[in-house]
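Novice: Okay, here's the structure, questions in a sec.
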Amino acid sequence: MATAAIGRTADLARKPLVEILDNKTVLSILCMLPAAILLLTFLTYPLGLGIWLGFTDTKIGRDGVFVGIDNYLSLFDDSVFLLSVFNTILYTTIATTLKFGLGLYLALLLNNHLPFKALLRAIILLPWIVPTVLSAIAFWWIYDAQFSILSYMLQKMGLIDQYIDFLGKPANARASLIAANVWRGIPFVAICLLAGLQTISPSLYEAAALDGATPWQRFRHVTMPMLMPILSIVLTFSVLFTFTDFQLIYAITRGGPVNSTHLMATLAFQRAIPGGQLGEGAAIATAMIPFLVAATLSSYFGLQRRKWQQGETDD
Amino acid sequence: MATVDIRGVHKAFGPTKVIHGVDISISDEEFVVLVGPSGCGKSTLLRMIAGLEQINDGEISIGGRVVNDVAPKDRDIAMVFQNYALYPHMTVYDNMAFSLKLRKAEKSLIDQRVRQAADILGLNPYLDRYPRQLSGGQRQRVAMGRAIVRDPQVFLFDEPLSNLDAKLRVQMRTEIKALHQRLKTTSIYVTHDQVEAMTMADRIVVMHDGIVEQIGTPLDLYDHPANTFVAGFIGSPAMNFYSGTLRRNGGIWVEAEDGTKLPAPGSVGGIDGQKVVYGVRPEHLAMASGSTGVAAKVEVVEPTGADTLVFSTIAGVHSCAVFSERHDFRPGQEIRLQPRLDVVHLFDAASGQHL
């Protein structure tokens, strides 16, 4: 009797909990909680702190006080900062364009029936899987003023008379960094676009061929529209990664010569950590946010499901 | 509209030979169905006619012109794919107009052709929709509409109904046939479904393992199968086969492997003692009176409403009989079935050829 009664009470006590867990809202919040806590701790807090620091004059070893938008005002008169903004936009635009042009070309090549296709694809991925710093060091050597293998080869081929100063002149240095970034970024673009290409049914191409489409028309009317959704996702990611690039620049030029290759990310670090001006560095980093939000928003609108992708209706 | 001639065509994918010398000649306005089990090479043959596969040896001509080296778009053919291959990012209208747009046809002509095709297929309300917003049957119609607007010499259909449910398949079957009767465009239709082949074709080409087993009208194939393969493939439920030995002593009959005496028609060829395969269609087995016919042990009875399928063991072989009248059989019951002698088929056991 007694045990039965206890069993019943336990049942009663347990029932509401089960019912609460059956509730979809509660369950979804519960399931999201671990991820949300992680994100709040490791993303939102540093982000918030960074933005806050940008409004203070904190230096390393000294708590700052709130100075309003003073940091930002001074940045507007800071030619190095303005140059870094210019560099970042230039770097992102040219590198992204090249990465997409070449990446798409490579993806189209790899989408054909080639011998050793799997091996080729693996090789293509190499630049991407090599640690950035490692490839940066390699590029550093490739671009070295005295030991550059590029200059050596060009000279042996009789194309140049004297070694090119890749990293010593601002224009050369920018171009060299863009080339390194493109080299590193192509695999990501190519493999993503290749995945997109492989989702396009071959019968669409056959239908188009029968409809009278030339290879170019097939690319223009079948491949491109079908690739657009994945292309815009990859484009967004690529823009974000390139815009916030730090490692490659810092390892190859450290922003030099004479600050001419600083991106906003490297300048922020330069000012904040080696320079000790945490507040100013944070302000520079925070100044990247509007650009990134703009890029994300434009891709958000670009990414909205196109009408033809919308779900099936029964009517 | 045109004739299509296939002469000595061979095809191999690497070392794998898939088509070993096929000859088919299709006349103008004809509706020919290529039928066979999967892997028999029928789709490959169709794709070779379309120009989507290279021809290794032999010749294909359309309207008297050899097209071996003609690009698909210049062959003046239209193809309906199994998965429809509609451009998902184009509306129904644009899907149908695409080929004409590529040919730089005038806008008014494109509009007229597309609306005409949409009229024929009942697609007018859907012209602004995207393929995703259509049902399977509607997509199928768009695929056909895309073929119609081009007004090609030949229509090619590659298993166009296999993605539809059974009821819709029957409906679309009739529609395609009606469409052909209206447009009279030479059509080549590939299917693995012999019922589709029987109901739609002017002539059927039965293919198996890369060769043509038999070409003929549906009823011709049904009544006079050239070999055991065609006999077993055409007709549903399939023909019953019994291996045995032809006996010409005491009438003409076949001694099945378990000794059962199977009655054979007097007109049959073959010599005494020849190893044969005895074939009789389920619909040609009737209830025998008294002790005539052959013994059968009922296993399963499947009423379909119109007919009743009775599965039984005859001469140790799992067999099927179809009755249009109703019988009250129980599993395990012993009955006697009488084959209709005039439609019993005998095949040589070794070659499979009809005797």
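Novice: Taking the number of other C-beta atoms within 10 Å as the exposure measure, put A:His113, B:His327, B:His354 in order starting with the fewest.
Specialist: Numbers: A:His113 5, B:His327 14, B:His354 20.
Ordered by Cβ neighbours within 10 Å, fewest first: A:His113, B:His327, B:His354.
Novice: Now a separate question. Quick check on chain A: helices-only [θ] at 222 nm, where DSSP H runs of length 4 and up contribute -39,500 (n - 2.57) each and the sum goes over total residues. Nearest 500, please.
Specialist: Working: 15 runs with 222 residues, N = 315.
Estimated from H runs of four or more residues: -23000 deg cm²/dmol.
Novice: Structure shown: which of B:Lys104/B:Lys184; B:Lys101/B:Lys177; B:Lys17/B:Lys42; B:Lys11/B:Lys184 lie over 21 Å apart, alpha-carbon to alpha-carbon?
Specialist: B:Lys104/B:Lys184; B:Lys101/B:Lys177; B:Lys11/B:Lys184
Novice: Moving on. Using alpha-carbon pairs under 8 Å, 6+ residues apart, how would you state the relative contact order of chain A in percent?
Specialist: Computed value for chain A: 26 percent relative contact order.
Novice: Additional query: Anyone know which of B:Asp94, B:Asp23, B:Asp272 comes out most mobile in the 10 Å Cα GNM of chain B?
Specialist: Maximum fluctuation in the GNM of chain B, among the listed residues, is at B:Asp272.
Novice: Quote the Stokes-Einstein diffusion coefficient, in whole µm² s⁻¹, for region A:201-274, based on the Kirkwood radius over alpha carbon pairs, a temperature of 4 °C and a viscosity of 1.567 mPa s.
Specialist: Numbers: Rh = 15.6 Å.
This corresponds to a translational diffusion coefficient of 83 µm²/s.
Novice: What angle do you read, to the nearest 10 degrees and between 0 and 90, between the alpha-carbon axis of helix B:107-121 and the longest principal axis of chain B?
Specialist: Its long axis makes an angle of about 20 degrees.
Novice: To the nearest 20 debye, what charge dipole does region B:95-166 have about its Cα centre, counting +1 at the Cβ of each Lys and Arg and -1 at the Cβ of each Asp and Glu? Walk me through the numbers on the way to the answer.
Specialist: Values: 12 positive and 8 negative charges, 70 e Å.
I would put it at about 340 debye.
Novice: Got the relative contact order for region B:138-220 handy, in percent, Cα pairs under 8 Å and 6 or more residues apart? Display every interim value, and only then the final one.
Specialist: Values: 67 pairs, mean separation 20.1, N = 83.
Contact order relative to length: 24 percent.
Novice: Something else about it: Please order A:Phe301, A:Phe237 by the number of other Cβ within 10 Å, starting at the fewest.
Specialist: Ascending Cβ contact count within 10 Å gives the list A:Phe301, A:Phe237.
Novice: Moving on to the next point. Once you charge only the Cβ atoms, +1 for Lys and Arg and -1 for Asp and Glu, what is the size of the charge dipole of region A:70-304 about its Cα centre, to the nearest 20 debye?
Specialist: The dipole magnitude comes to about 580 debye.
Novice: Okay, next question. Pick from A:Phe291, A:Phe246, A:Phe76 the residue whose mean-square fluctuation is largest in a GNM of chain A, springs joining Cα atoms under 10 Å.
Specialist: For chain A, modelled as a Gaussian network with Cα springs under 10 Å, the answer is A:Phe76.
Novice: Around B:Glu30, with a cut-off of 9 angstrom between Cβ atoms, what is the net charge of the other residues, counting Lys and Arg +1 and Asp and Glu -1?
Specialist: -2
Novice: How long are the semi-axes of the ellipsoid equivalent to the protein assembly as shown, from square roots of 5 times the Cα gyration tensor eigenvalues, in whole Å, largest first?
Specialist: Output for the protein assembly as shown: semi-axes of 71, 36, 25 Å.
Novice: Given an 8 Å cut-off on Cα distances and at least 6 residues of separation, report the relative contact order of chain B as a percent.
Specialist: 16 percent
Novice: What spacing in nm lies between the two simple spin-label points modelled at B:Leu109 and A:His113, each 7 Å away from Cα in the Cβ direction?
Specialist: It is 3.6 nm.
Novice: A further question follows. Quick check: the angle from helix B:136-149's long axis to the longest principal axis of chain B, C-alpha only, nearest 10 degrees?
Specialist: 60 degrees
Novice: For chain B, I need the span (max minus min coordinate) of the C-alpha atoms along each principal axis, in Å, sorted largest to smallest.
Specialist: 78, 46, 34
Novice: Loop sites only, by DSSP: take the trypsin sites (Lys or Arg not before Pro) in chain B that have at most 11 other C-beta atoms within 10 Å and name the longest stretch containing none of them.
Specialist: Segment B:105-325 is the longest.
Novice: If you take the charge dipole of region B:237-348 about its Cα centre, with +1 on Lys and Arg Cβ and -1 on Asp and Glu Cβ, which of B:Gly269, B:Leu337, B:Gly251 is farthest toward its positive end?
Specialist: The Cα lying farthest towards the positive end belongs to B:Gly251.
Novice: Once the dipole of region B:4-232 is set up with Lys and Arg at +1 and Asp and Glu at -1 on Cβ about the Cα centre, which of B:Phe229, B:Ala178, B:Gln54 lies farthest towards its positive end?
Specialist: B:Ala178
Novice: Could you line up B:Ile77, A:Ile233 from fewest to most neighbouring Cβ atoms inside 10 Å?
Specialist: Numbers: B:Ile77 25, A:Ile233 15.
Lowest count first: A:Ile233, B:Ile77.
Novice: Between 0 and 90 degrees, rounded to the nearest ten: what's the tilt of helix B:166-183 against the longest Cα principal axis of chain B?
Specialist: Taking the Cα atoms of chain B, the angle to B:166-183 is about 60 degrees.
Novice: How large is the dipole of chain B about the Cα centre if only Lys and Arg carry +1 and Asp and Glu carry -1, each at its Cβ, rounded to the nearest 20 debye? Write out the running numbers ahead of the final one.
Specialist: On the way: 37 positive and 41 negative charges, 204 e Å.
Charge dipole of chain B: 980 debye, to the nearest 20.
Novice: Would you calculate, for chain B, the mean residue ellipticity at 222 nm contributed by helices, counting each DSSP H stretch of 4 or more residues as -39,500 (n - 2.57) and dividing by all residues, to the nearest 500?
Specialist: After summing the helix terms and dividing by residue count, I get -7500 deg cm²/dmol.
None of the figures in this text is laboratory data; all of them are computed from the coordinates on show. None of these values were measured; they are calculated from a predicted model. Neighbour counts are summed over all protein chains in view; Cβ atoms, including those assigned to glycine, are modelled from backbone coordinates with ideal geometry.
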